[in-house]
Amino acid sequence: MNKGDIIQIIDETHAWYPALLIVHEVRLWGTQAYVIVPKSNDGSELPALAFIRLANKKIKKVGKAIITKGELNDG
């Protein structure tokens with residue numbers, strides 16, 4: 001698992017199941033990841049980020065993000 005990977009919550013009892021998230025930090029126990037929450041429909045504001053910490057047993061890697069948190073302002 002690496003920063004920028006896309007993960008999915010696989011624990012059916014988790015409140016965010018089956019959300020797709022982008023990994024922000026990798027830890028021995030799991031990851032800190034985020035989802036992108038749009039602020040407006042007209043694109044006038046940058047999206048918000050909702051962060052969460054997830055244990056390794058609750059997630060599975062499904063891909064790699066092309067744009068990550070640090071690149072949101074780069075357009």
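Only the coordinates and a few stated rules stand behind these numbers; no lab work does. All figures in this text were calculated on a predicted structure; none of them were measured in a lab. Cβ atoms come from the backbone with ideal geometry, glycine included; neighbour counts cover every protein chain shown.
Worth pointing out:
- Residue 41 paired with residue 64, simple spin-label distance in nm, labels 7 Å along Cα-to-beta-carbon: 3.6
- Counting only residues at least eight positions apart within a chain, or on another chain, the aspartates and glutamates with an alpha carbon under 12 Å from that of residue 64 are 5.
- Of all lysines in the structure, not one lies under 17 Å Cα to Cα from residue 57 without also being fewer than 8 positions from it along the same chain.
- Cα-centred dipole magnitude for the chain, charges only on beta-carbon of K, R (+1) and D, E (-1), debye, nearest 20: 400
- Computed from the Cβ-Cβ distance with R0 of 25 Å, the FRET efficiency linking residue 28 to residue 50 stands at 0.60.
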